[in-house]
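See structure below.
Read-outs throughout are calculated quantities, based only on the coordinates presented, and are distinct from any laboratory measurement. As the structure is a prediction and not an experimental result, all values here were calculated from the model. We place every Cβ from the backbone using ideal geometry, glycine too, and count neighbours over all the protein chains shown.
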Amino acid sequence: MTMNRRSFLKRSAAASAVIGAPSLLKAQPAEYVFGASLPLTGPFATAGQLVAPAFAMAQRLINEEGGIGGVPIRFLTEDSGYVPQNALANYQRALATEGEALVAYFGDSTGFMKLVAPELRGDQARLMGSTSFASELANPETNPYQFLAGPSYEDQFDILLQNIANEGGSSVAFIYSNTEFGRDPIAHGKARAEELGLKVVLEESTKAQGADIPTHVTKLAQSGAEYCLLQGYVTGVWPQLIGGARQFGLPTKFMGTFWGMEKIIADRVTAEAGPFLEGYQGVMPYRYFYDREGAPRYETFAEMSKEMFAGTPLETYMPTWTIQTMCAIEIVVRALRDTAEKDLPLTADNAAESLAAIRDWDMGGYFGGPISLEGNKIGTGRVYTYGAESGLFTPSSDWFTV
Amino acid sequence: MINGNLKASYAADERILDNPYRRGFVFGAAALAAALPFVANDYIILVAAQMGIMLIAVIGLNVVIGYTGLLSLGHAAFIAIGAYAVPLLHRLFAAWGLPEGVMPLLAIPLAVAVAALVGLVVGLPSLRVKGLYLAVATLSANFIVIFLIELDAMAPFTGGFNGINTPEANILGWRLDSQREMFALIAGLGFATILLVQNLFRTRVGRAFIAIRERDYSAEVLGISLLRYKLLSFAVSAACCGLAGALFAYFYARILPEQFELALSLQLVAALIVGGMGRTMGPVFGVVIIVMVPELLKYSFGAIAGGSADVAALRAPVQEIVFGALIILFLMFEPLGIAQIVDRWLRSLNRWPFARG
């Protein structure tokens with residue numbers, strides 16, 4: 001029998017119907033839903049509003065690349081006002097309304113991630129990324145469904161302290177906000193400093209918005225610390241604390257972790273309060289968006305940003321906060337795609353298994369090299385220094401892996 | 001249709017549900033709550049359970065603000081006490097080797113008792129100060145309790161800033177491991193609380209509270225001990241909030257101190273103002289509005305524009321504005337709250353066509 005085009009198409013259709021039938025029998029939703037809670041209002045509204053556009057971009061990009069196993073995705077974003085319980089209600093609402101179509105969730109705070117962790121059981125569990133780098137979350141045994149899209153705060157302190165030791169520093173001060181966010185790496189940091197032979201000469205807890213900053217500046221001056229690690233602030237203390245220290249004539253080098261390393265904020269503070277951030281350092285797990293050489297993923301984002309965010313500050317620059325969200329989304333998508341490829345249902349257990357198996361993955365330029373999700377986190381980062389005149393954070397160390 | 005309000009016996013005079021519409025309304029609500037676990041989807045159950053927990057707390061607040069006339073802005077502290085008591089008591093019971101099935105049966109009453117005791121202490125300033133001054137004193141109680149929970153020295157017990165995981169309720173072998181089952185417990189205890197508090201105000205104690213609200217000096221002249229009844233009012237009120245807190249702990253798998261801060265206290269007061277102070281149904285209506293308005297806004301915004309972040313960002317300020325406007329409108333046009341509006345409406349139905357209420 002000769003095979004012509006028509007008979008080939010007929011037979012192919014019949015064959016694919018037979019082969020494809022079992023997968024059709026599985027209830028596959030018309031689209032997968034990625035839920036998200038963001039602080040679009042409240043104290044961290046600035047961060048939430050910078051992160052929100054990432055979802056629109058991610059939705060378009062992922063769907064253009066074939067969704068997950070051919071099924072498109074949709075984002076469902078809710079405001080949390082940075083209240084963990086609101087975010088929990090949002091998550092539970094998304095579970096109730098979207099059911100199995102909800103395959104992943106993006107949380108907005110450490111508080112939410114901790115609050116929701118024990119709720120993630122059975123059919124209530126979903127793979128979950130977040131804005132948080134809280135050390136407690138990076139524990140596959142207790143939180144198999146939650147991951148950090150970068151190093152934990154403890155890892156970030158390790159990187160900073162290692163860098164100080166490499167530079168020949170001998171004394172360090174820890175100033176942190178009296179919040180969960182601020183206190184996270186302090187105990188670990190003290191132990192690590194001791195291991196590295198660094199003396200912790202001051203450990204000072206402040207309010208998140210720093211009402212009595214002059215007292216802290218005086219204490220810092222009295223301690224004579226060469227380096228001062230700041231933790232648990234987004235912008236609040238820069239002008240008062242660092243500006244105050246410079247006015248005081250202190251030579252202390254200030255350093256921060258991820259949330260204190262955003263160029264937009266540093267530029268704004270410099271424009272409003274002067275160039276005192278010159279030389280400010282900190283740890284950043286990702287490459288900054290302007291560092292796009294050999295980063296094909298960033299090039300893709302740059303093209304999309306030009307089109308999608310024309311006329312906004314996001315047109316030419318993607319903040320680190322947005323990059324972190326994109327990174328978390330890409331990790332979730334990779335885990336879900338791996339699961340779909342194995343022809344397994346996209347349950348939280350299967351997705352978490354795929355997530356934990358990610359090894360030596362080249363993400364296209366986010367990090368210094370290929371990454372692995374070991375211990376549900378990516379323990380890498382490097383130290384950057386801010387130049388007030390250039391308005392850029394430039395690398396001042398190699399990539400550390402912790 | 002009735003054409004008069006003839007009451008031929010004391011029993012008829014004392015009846016709470018004194019007209020058929022009111023009876024229909026209350027029994028209808030009870031039937032709806034009973035049917036809910038069987039028919040509603042997860043989302044409705046979630047919202048209903050949240051409403052139930054808040055309702056019990058607002059009923060408690062109503063005792064002290066609505067019936068006794070003592071302004072409190074710190075009742076979230078009592079919810080925190082009730083909530084934190086549950087995991088602590090479970091830990092204690094586990095150390096004693098008590099079977100899991102009886103733990104909630106002991107933990108809930110004990111959590112209520114502890115909250116009531118703390119209520120007694122927090123109520124002490126009410127003997128010397130009133131009005132705004134008392135509001136500030138109770139407000140500070142809220143801050144002190146949260147501060148103590150977050151204190152490093154207390155962290156081994158309360159989890160400090162990190163919060164604490166809460167146990168599952170297991171009542172004599174019935175594991176309440178789903179929100180649906182928890183709702184059944186919350187609804188049952190919610191109705192019991194309404195009934196108890198309603199009946200409290202048909203007793204000597206409740207009437208003493210009301211006398212204090214109307215004029216405390218006159219009440220004292222009549223022989224009502226202000227010390228005893230003001231503190232009792234705080235204790236009853238705190239006990240209800242303690243119950244709400246205990247249910248909160250069983251409902252959620254983890255509690256954090258920031259869930260019990262001033263915002264929650266203010267939300268309780270707002271619900272009471274909107275619903276109607278010093279009325280049995282006031283807390284019910286208030287909680288329905290306070291919980292349902294954001295949900296309805298979310299639903300309608302979602303229906304119009306899907307789940308985009310822009311819409312979510314727009315919705316939050318709209319929600320705040322609607323809340324603010326609601327409170328202002330109620331204070332201006334119906335200070336007695338929705339309870340009064342519904343009452344007027346039911347009364348006019350009952351007397352139609354002879355009177356309009």
Once amide H atoms are built 1.01 Å from N in the peptide plane, which residues 5 or more positions from B:ILE171, or in another chain, come under 5 Å H to H? B:LEU176
Contact order normalised by length for chain B, with contacts defined as Cα pairs under 8 Å and 6 or more residues apart; what percent is it? 29
Can you pull the mean other chain C-beta count within 10 Å for peptide B:291-301? 1
Order these by the 10 Å Cβ neighbour count, fewest first: A:VAL172, A:VAL402, B:VAL269, B:VAL39. B:VAL39, A:VAL402, B:VAL269, A:VAL172
In sequence order, calculated HN-Hα J values of segment B:192-197 (Karplus, 6.51, -1.76, 1.60; Hz; x Gly/Pro): 4, 5, 4, 4, 4, 5
Helix-only mean residue ellipticity at 222 nm for chain A, each DSSP H run of n ≥ 4 adding -39500 (n - 2.57), per residue, nearest 500: -12500 deg cm²/dmol
Only Lys, Arg (+1) and Asp, Glu (-1) charged, at Cβ; the protein assembly as shown dipole about Cα centre in debye: 2980
In degrees, nearest 10, the alpha-carbon axis of helix A:263-273 is tilted away from the dominant principal axis of the alpha carbons of chain A by 30
Sort B:246-258, B:181-193, A:338-350 by packing, meaning the average of other beta carbons within 10 Å per residue, with the highest value first. B:246-258, B:181-193, A:338-350
Search the structure for amide H atoms under 5 Å from the amide H of A:GLU374, placed 1.01 Å from N in the peptide plane, and list their residues when 5 or more places away or on another chain. A:GLY379
Would you mind working out the magnitude of the charge dipole of chain B relative to its Cα centre, with +1 at each Lys and Arg C-beta and -1 at each Asp and Glu C-beta, to the nearest 20 Debye? 1260
Just to confirm a number: summing +1 for Lys and Arg and -1 for Asp and Glu over residues other than A:ALA87 whose beta-carbon lies under 14 angstrom from that of A:ALA87, what do you get? 0
Honestly segment B:152-215 on the Cα gyration tensor test (a ≥ b ≥ c root eigenvalues; a/c under 1.5 rounded, otherwise a/b vs b/c for prolate or oblate) is just oblate
Summed side-chain charge close to A:TRP321 - residues other than A:TRP321 whose Cβ falls under 12 Å, Lys, Arg +1, Asp, Glu -1: -1
Step through the residues of segment A:376-384 one at a time and calculate ³J(HN,Hα) from phi using the Karplus curve (6.51 cos²θ - 1.76 cosθ + 1.60, θ = phi - 60°), rounding each to whole Hz and writing x for Gly and Pro. 6, 8, 10, x, 9, x, 9, 8, 10
Rounded to a whole number, the mean other protein chain Cβ count within 10 angstrom for residues of B:156-163 is 3
Going by how many other beta carbons lie within 10 Å of each one, how would you line up B:VAL322, A:VAL201, fewest first? B:VAL322, A:VAL201
Computed log₁₀ I(q)/I(0) - Debye formula, equal Cα scatterers, no solvent, the protein assembly as shown, q 0.07, 0.08 Å⁻¹: -0.59, -0.75
Over chain B, with a Gaussian network built from C-alpha contacts below 10 Å, which listed residue (B:VAL287, B:VAL136, B:VAL86) shows the highest mean-square fluctuation? B:VAL136
Please arrange A:TRP238, B:TRP96, A:TRP399 by counting, for each residue, the other beta carbons lying within 10 Å of its beta carbon, fewest first. B:TRP96, A:TRP399, A:TRP238
Once amide H atoms are placed 1.01 Å from N in the peptide plane, what residues at a sequence separation of 5 or more from A:PHE75, or on another chain, have their amide H within under 5 Å of its amide H? A:PHE34
Per the helix-only calculation at 222 nm, which mean residue ellipticity applies to chain B, given -39500 (n - 2.57) for every DSSP H run of n ≥ 4 and division by its residues, nearest 500 deg cm²/dmol? -24000 deg cm²/dmol
Taking every residue of A:119-126, the Cβ atoms of other protein chains inside 10 Å of its Cβ average out to 2
Just to be sure I understand: with springs between alpha-carbon atoms less than 10 Å apart, which residue in B:GLY123, B:GLY131, B:GLY74 has the highest mean-square fluctuation in the Gaussian network model of chain B? B:GLY131
Taking segment A:223-301, which GluC sites (Glu not before Pro) meet the DSSP loop condition and have no more than 10 other C-beta atoms within 10 Å? A:GLU293
Under 15 Å, Cβ to Cβ, from B:ILE164 - net charge with Lys/Arg +1 and Asp/Glu -1: -4
Under a GNM of chain A (C-alpha, springs under 10 Å), which listed residue has the highest mean-square fluctuation: A:GLN146, A:GLN28, A:GLN162? A:GLN28
Go through segment B:57-136 and name the trypsin sites (Lys or Arg not before Pro) that are in a DSSP coil and have 10 or fewer other Cβ atoms within 10 Å of their Cβ. B:ARG128
